[in-house]
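Below is one structure, written out as structure tokens; comments come after it.
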Amino acid sequence: MLQYIRDRWFLFLVLVVFIFFKIPHLSYPFYWDESWPYATAVHHMYDHGVSLMPGAIPGELSRGHPLFFHAAATSWMHIFGTSNFSLHCYALFISVLFLIVIFEAGFKLFNKRVAAIALLLITLQVCFFVQSAFLLFDMLVAFLSFAAIYCYIRRKYILTIITLSALFYTKESGLIAGFVIGLDALISFFNKKETLKERIAKLAVVAIPTILIGIFFLLQKKILGWYVFPMYSGLIEHSWTNFWYRFRTGCVDVTFHKDYRYYFFLMVPILCIAAAIKNRSIRYLVLLIPMVLIYYWIDDTRAGRIPSRPTFMLFIAAVVYAVTQFKKLNFFKDERAYRFMLMLNFFLFCFLCFSAMNFLTYRYLLVAIVPALFIAAVYIDGLVRKLHKWIIYSVFAAILFFGYYSFAHDIGLGDCDLGAFHGMDVYKGLVAYLEQHSAYDKTISATNFQTREHLIDPYTGYLSSKKIFAKVQYGLDSNTNYIVFDNVEPDNNYDSLKKLNVLRRVYSIKNGTAWGEIYERVK
């Protein structure tokens, strides 16, 4: 027991600090999609009973996704209550489990340094920190995807079946992890060095969750009339030109560049060059190829100078070649670590391609950002070992500095930005003003969709009671008594509307870069 604690003291320290800084956020209401449909959806299931059956939640709330996330949240509510605090704790619990699995994967498959570097890299990402207590799918999808691959590599097949089944029943994008594991299981089936029992077990690991989710989709077709929510199936991208643009500027840019993430990844090529010079071997420079391609891809001008399809194929080949070359340089302590790196790289690539073909928003790419940073941690540790052990302290110092810098310079208001909490404070102020002035029967124009939901849906967490505002509408007309503006979801007509003589500003609130205003019609 004492040895277990000694080996994981850094994990415990990081978790304590992480949770300490998250505590103030647990009492907040819900933000953007988190408020509607997700908070509303789990409350709907709480009121009508826990279920994984299609149709247990209306399609406009579930977005047609499988219902494990909702069922788990509802079960949590039956134990810990229905408050905002309880639901944010549910989300934070998932994030803490994720951090533990990340550390364990680094520690068991590599060493304590990889575990510590990966843990620090990931906890110091603004998007991970902000999303860690948000009531949204994406952290759970990222956690279960990473955990499924880790359990599979560790030959924990029962855990893999459970994890993959939960993943498939969380969101359709989780099928990517199943595809990666299934491909490895299929290749392994023809490997005569493994026993027949082992090979069959690997296939069963994927087959059982696949059958279970197949039953769900068949039932969904029978009950609701569609396999996949029509809104999303209509957004699938088929054009190479559009796919390539989304892959470069959406997926690759967000994963490797956005929010100053490139500072963390830049440590890898710098250490590669240093190791190549010290050890007089160009094999260390192979990682520069995908890094240079990423540098070109994320900028439209630079990307236009190189062909798309050949560089796309070169990227795949360079990543695979890099893993095999670093295996020869003894970066991986055994075959399991090597296979984990191959599968994690393949999963990362497949998920980026999948995301480029479908509806995409920043938080979806948490599923790719975490494995990308874990891969970077493995390379950073291996390169440090090829240079000098004392360099590791410089690496930790650099990670801490880059983390501080990215937090200090984050000014966005999205749901992956620290400004999200400023936005919620603004929303709370706007709703509180209308409640204090008993505007429940007044006609309120709110051009922001989320503001309208906050005024009419108690489950979003902004109303002080179950009493809602009865006359909330979009746009200004002759019946309007109040009109609400904010810059979280800006109104393009704000500048012209606020100048109207019939309106006077009665309330304004500003928090950080977020602001909101309420105008009253002059009688």
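With respect to the chain, whose longest principal axis is taken over its alpha-carbon atoms, helix 137-153 is tilted by about 20°. Each label point was placed 7 Å from the Cα along the Cα-to-Cβ direction; for L400 and T513 their separation is 2.7 nm.
Here the simple spin-label model places points 7 Å from the Cα toward Cβ, and for S83 and L2 these points are separated by 4.0 nm.
How much accessible surface does D457 have with a 1.4 Å probe, in Å² rounded to 10? Roughly 20 Å² of D457 is accessible to a 1.4 Å probe. Partners of K258 within straight-line reach, counting lysines whose Cα lies under 27 Å from its Cα and excluding those fewer than 8 residues away in the same chain: K22, K171, K510.
What does the net charge come to around P66 if you take all other residues with beta carbon closer than 14 Å to its beta carbon, with K and R at +1 and D and E at -1?
My count for the surroundings of P66 gives +2.
With every protein chain in place and a 1.4 angstrom probe, the accessible-area ranking of F469, F359, F129, largest first, reads F359, F129, F469. Dipole check for region 1-128: with +1 at the C-beta of Lys and Arg, -1 at the C-beta of Asp and Glu, and the Cα centre as origin, the magnitude is about 620 Debye.
Solvent-accessible area of region 249-346 (1.4 angstrom probe, protein heavy atoms only): carbon and sulfur portion equals 63 percent. The C-alpha atoms of the chain define a longest principal axis, and helix 391-408 lies at about 20 degrees to it. Solvent-accessible surface of the chain, averaged per residue with a 1.4 angstrom probe and all protein chains in place: 43 square angstrom. For the pair region 276-327 / region 162-234, the C-alpha centres are spaced 32 Å from each other.
No disulfide-compatible partner, judged by a Cβ distance under 4.7 Å, exists for the following cysteines of the chain: C89, C151, C251, C272, C350, C353. The magnitude of the dipole of the chain, with charges of +1 and -1 set on the Cβ of Lys/Arg and Asp/Glu and taken from the Cα centre, is near 2000 debye.
Ellipticity at 222 nm from helices only: DSSP H runs of n ≥ 4 in the chain, each -39500 (n - 2.57), divided by the residue count, give -19500 deg cm²/dmol. For a test of the definition: using alpha carbon positions, the gyration tensor, and the 1.5 limit on a/c, classify region 160-250 as rounded, prolate or oblate. Here region 160-250 falls in the oblate category.
Between Y393 and L159, the FRET efficiency estimated from the beta carbon spacing at R0 = 41 angstrom works out to 0.70.
Here the alpha carbons of the chain define both size measures, Rg and Dmax, at 24.8, 86 Å. Here region 1-111 exposes an accessible surface that is 73 percent carbon and sulfur, computed with a 1.4 Å probe and the other protein chains kept in place. Between the helical axis of 308-328 and the longest alpha-carbon principal axis of the chain there is an angle of about 50 degrees. What a 1.4 Å probe finds exposed on region 121-185 is 73% carbon and sulfur by accessible area, rounded to a whole percent. The three principal axes of the Cα atoms in region 1-130 give end-to-end lengths of 48, 30, 26 Å, sorted in falling order.
The values are calculated or read from the model by the stated rules, or taken from the named source; none is laboratory data. Just so it is clear, the structure is predicted and the values come from calculations on it, not from any experiment. All Cβ positions, glycine included, derive from the backbone under ideal geometry; neighbour counts span all protein chains shown. Protein only, heavy atoms only, side chains kept; ligands, DNA and RNA dropped before computing areas. Shrake-Rupley method; radii C 1.70, N 1.55, O 1.52, S 1.80 Å.
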